[in-house]
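Single-structure report; data block below.
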Amino acid sequence: MATLAPHQPAEIAPTHWGQGTLSDDDLSHIPGEKGWPIVGHTFTQLADPHAFTRRMVETYGRVYRVHSMGGWNVAMVGPEANELVLFNRDKIFSSTQGWGPVLDQLFPRGLMLLDFDHHRADRRALSIAFKPGPMRHYADALNRGISRRVGQWGGGEMRFYPAIKELTLDLAADSFIGLPFGPEADRINQAFVDMVQASVAPIRKPLPFTQMKRGVDGRAFLVDYFSKETRRRRAEGGGQDMFSQFATAEYEDGSQMAVDEVVDHMNFLMMAAHDTITSSATSLLWLLAKHPEWQEKLRQEIEAVTGGLAGDGTVRDLAYEDLGKLELTDMAFKEALRFVPPVPSMPRRALREFEFGGYRIPAGAHVGINIYHTHHDAEYWDDPWSFDPMRFTPDKVKARHKYAWVPFGGGAHMCLGLHFAYMQVKILLAQLLPRYRVELTDGDPDWQEWPIPKPKDGLKIKLTAIS
Ligand code: HEM
């Protein structure tokens with residue numbers, strides 16, 4: 001358990017990418033490694049983040065320090081650490097200052113980058129976009145868009161990752177912004193992709209021809225577009241899409257958000273939704289292609305609920321009301337999220353000194369929890385490297401540590417769009433599995449693990465039409 005230290009500094013100044021503030025001496029009582037001069041362990045860690053964590057945990061235990069990305073970080077590994085940091089009962093950990101160095105330049109003031117009272121007020125206002133009414137509307141848009149595209153895929157070989165990435169972008173234009181497919185949606189999608197790539201670019205200044213410059217230009221375009229559209233939708237009334245919900249969202253006292261806040265929330269939301277859904281849909285399809293017996297179970301479950309293929313070759317929609325009936329599909333998706341969590345680790349900054357695992361961790365420390373490692377920890381998971389959706393039966397879930405499975409985080413910042421993610425992935429499978437059998441053509445792909453996992457070869461699969 002954490003205990004608070006009596007001395008609590010009033011304020012911790014924010015840091016920027018590559019600019020830690022704690023000295024070697026501040027953390028010398030915590031075991032760990034400094035690595036190479038200047039770069040520390042940055043490149044070792046980026047080359048294979050999971051192997052690096054495994055080695056550090058085996059060598060030093062579940063709390064260790066590492067010099068990486070320009071400063072000291074304290075890693076805290078395991079469900080207890082996840083609970084302490086995510087539940088954040090004593091408000092020790094700042095998400096603003098944890099994520100800020102990575103995301104502040106391109107996604108400032110996004111919901112995940114706010115703390116405490118400001119965060120709570122904005123989250124409450126934005127939650128309106130995830131109530132059953134709007135969700136039902138998104139379900140219709142998803143059924144429409146997914147059915148058309150999956151039908152066009154036809155049989156044969158394809159790379160799944162780029163195909164689902166493109167589809168997810170097009171779906172976002174429809175259900176998030178209310179735009180039909182077309183040149184305007186394409187321009188927005190491109191600006192958005194440029195921003196996401198820039199957010200993890202190694203060169204952090206927007207110099208000509210760099211990713212960062214493209215990202216900053218993309219942001220300027222989107223800020224302009226969303227600002228004008230917020231005013232227009234407020235004046236003329238918006239549609240049922242997510243952006244219109246955000247534009248007209250109200251605080252508890254009935255006031256509306258400032259336009260620039262709506263814009264920042266919208267930019268962040270698109271980023272939070274996009275690569276995470278793409279990554280998790282890909283890992284689920286990979287695992288189902290590898291395990292045809294599970295693919296068949298899910299196909300049967302879906303056909304029993306929706307009716308599957310219609311006589312005219314189309315596939316029936318998955319109704320919003322029926323999402324809860326796909327229990328095996330739900331468990332298979334949870335298992336894919338365990339196997340390949342789209343957000344493998346989460347950063348925070350300690351605003352006060354605290355104790356954990358027998359160590360005193362000073363105020364100002366950048367701390368990180370490791371989801372991937374927890375999800376494969378043999379102490380909490382039998383045979384952690386095997387694919388077994390039955391780990392997620394209600395009894396098994398109840399018997400496990402609540403923070404042993406946290407792909408969507410937990411506590412105040414728990415993913416706001418998690419039901420949307422379940423919905424999109426279930427509708428995708430409801431359209432895909434009754435139409436096609438899925439196989440891998442080149443065996444298991446290599447995964448790029450960071451920042452959001454993706455198969456390096458795009459995941460080569462073969463779809464065989466089911467007549
Ligand atoms: C499988 C897909 C997804 C995964 C694994 C995922 C994961 C996460 C995680 C781990 C966090 C919390 C990070 C932290 O506490 O440091 C988060 C926050 C968030 N996610 Fe997701 N996400 C997914 C899909 C989505 C979608 C589809 C949306 C929107 C439609 C979305 C919107 C958000 C927002 C707005 C936050 C910030 C919440 C807050 O700070 O209060 N996410 N997500």
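Which condition number in (1) assigned to a helix (DSSP H, G or I); (2) farther than 25 Å from V340 by Cβ is the one that R89 fails?
Of everything listed in (1) assigned to a helix (DSSP H, G or I); (2) farther than 25 Å from V340 by Cβ, R89 misses just condition (1).
Considering only region 161-219, how many residues are open to solvent by less than 30 Å² (accessible area, probe 1.4 Å) and more than 17 Å from T276 (Cα to Cα)?
11
Open to solvent by 10 Å² or more (accessible area, probe 1.4 Å), part of a helix (DSSP H, G or I), within 16 Å of the ligand (Cβ to nearest atom) and at negative phi, is that true of T282?
No; evaluated as a whole, the condition is false for this residue.
Looking at (1) open to solvent by 30 Å² or more (accessible area, probe 1.4 Å); (2) touching a residue at least 60 places away in the same chain (Cβ under 8 Å); (3) under 30 Å from R148 (Cβ atoms), find the lone condition where E327 falls short.
E327 satisfies every listed condition except (2).
Please state which of the following conditions L351 fails to meet, knowing it meets all the rest: (1) away from the ligand (no atom under 16 Å from the Cβ); (2) of a type outside the set (G, A, S); (3) open to solvent by 30 Å² or more (accessible area, probe 1.4 Å).
That leaves (1) as the condition not met.
For region 232-258, what are the residues that are in contact (Cβ under 8 Å) with a residue 40 or more places away in the chain, open to solvent by 20 Å² or more (accessible area, probe 1.4 Å) and in a loop (DSSP other than H, G, I, E, B)?
Passing the criteria: G238, G239, Q240, Y251, E252.
Might you let me know whether region 332-343 holds any residue that is away from the ligand (no atom under 16 Å from the Cβ), surrounded by 22 or more Cβ atoms within 10 Å (Cβ to Cβ) and in a loop (DSSP other than H, G, I, E, B)?
Checked against the condition, which is being away from the ligand (no atom under 16 Å from the Cβ), surrounded by 22 or more Cβ atoms within 10 Å (Cβ to Cβ) and in a loop (DSSP other than H, G, I, E, B), region 332-343 yields no hits at all.
Would you point out the residue of region 402-419, among those that are open to solvent by less than 10 Å² (accessible area, probe 1.4 Å) and among the hydrophobic types (A, V, I, L, M, F, W, C), that is nearest to the ligand (Cβ to nearest atom)?
V406
Test each condition in (1) more than 18 Å from L84 (Cα to Cα); (2) surrounded by fewer than 23 Cβ atoms within 10 Å (Cβ to Cβ); (3) within 15 Å of the ligand (Cβ to nearest atom) for H373 and report the one that comes out false.
Exception for H373: condition (1).
Just checking, does region 259-274 include any residue being more than 10 Å from the ligand (Cβ to nearest atom), part of a helix (DSSP H, G or I), open to solvent by 10 Å² or more (accessible area, probe 1.4 Å) and touching a helix residue (DSSP H, G or I) at 6+ places or on another chain (Cβ under 6 Å)?
There is at least one residue in region 259-274 that is more than 10 Å from the ligand (Cβ to nearest atom), part of a helix (DSSP H, G or I), open to solvent by 10 Å² or more (accessible area, probe 1.4 Å) and touching a helix residue (DSSP H, G or I) at 6+ places or on another chain (Cβ under 6 Å).
Residues being touching a residue at least 40 places away in the same chain (Cβ under 8 Å) and over 23 Å from T276 (Cβ atoms): count how many of those fall in region 389-400.
2
Please go through (1) open to solvent by less than 40 Å² (accessible area, probe 1.4 Å); (2) under 21 Å from H274 (Cα atoms) for R435 and return the number of the only condition it doesn't satisfy.
Failed condition: (2).
Give region 69-89 a look and list any residue that's among the hydrophobic types (A, V, I, L, M, F, W, C) and open to solvent by 50 Å² or more (accessible area, probe 1.4 Å), or say none.
Residues satisfying the conditions are M69, F87.
Anything in region 35-49 that is hydrophobic (A, V, I, L, M, F, W, C) and on the phi < 0 side of the Ramachandran plot? List them, or say none.
W36, V39, F43, L46, A47
Among the residues that make up region 131-146, is at least one of them touching a residue at least 12 places away in the same chain (Cβ under 8 Å), within 12 Å of the ligand (Cβ to nearest atom) and open to solvent by 10 Å² or more (accessible area, probe 1.4 Å)?
yes
If the requirement is being buried (at least 18 other Cβ atoms within 10 Å of the Cβ) and free of Cβ contacts under 8 Å to residues at least 60 places away in the same chain, which of these qualifies: Y64, Y60?
Y64
Of all residues in region 98-123, how many are part of a helix (DSSP H, G or I) and within 12 Å of the ligand (Cβ to nearest atom)?
Count: 15.
Does Y320 satisfy being closer than 30 Å to A51 by Cβ, out of contact with any Cys (no Cβ under 8 Å at 6 or more places or on another chain), of a type in the set (F, W, Y) and away from the ligand (no atom under 11 Å from the Cβ)?
no
For M158, state whether it is surrounded by 15 or more Cβ atoms within 10 Å (Cβ to Cβ), within 24 Å of V216 (Cα to Cα), at pLDDT 95 or above and not hydroxyl-bearing (S, T, Y).
no
Of the numbered conditions (1) of a type in the set (A, V, I, L, M); (2) within 16 Å of the chain's Cα centre (by Cα); (3) surrounded by fewer than 17 Cβ atoms within 10 Å (Cβ to Cβ), A399 fails exactly one; give the number of that condition.
(2)
Enumerate the helices (runs of 4 or more DSSP H) found wholly within region 131-216, keeping only those where 2 or more residues are within 22 Å of the chain's Cα centre (by Cα) and among the β-branched types (V, I, T).
Helices (runs of 4 or more DSSP H) meeting the threshold: 160-172, 183-199.
The values are calculated or read from the model by the stated rules, or taken from the named source; none is laboratory data. No experiment lies behind these values; they were computed from the predicted model shown. In this analysis, Cβ positions are derived from the backbone assuming ideal geometry, glycine residues included, and neighbour counts consider all displayed protein chains. For accessibility, only protein heavy atoms count, side chains too; no ligands or nucleic acids. Shrake-Rupley method; radii C 1.70, N 1.55, O 1.52, S 1.80 Å.
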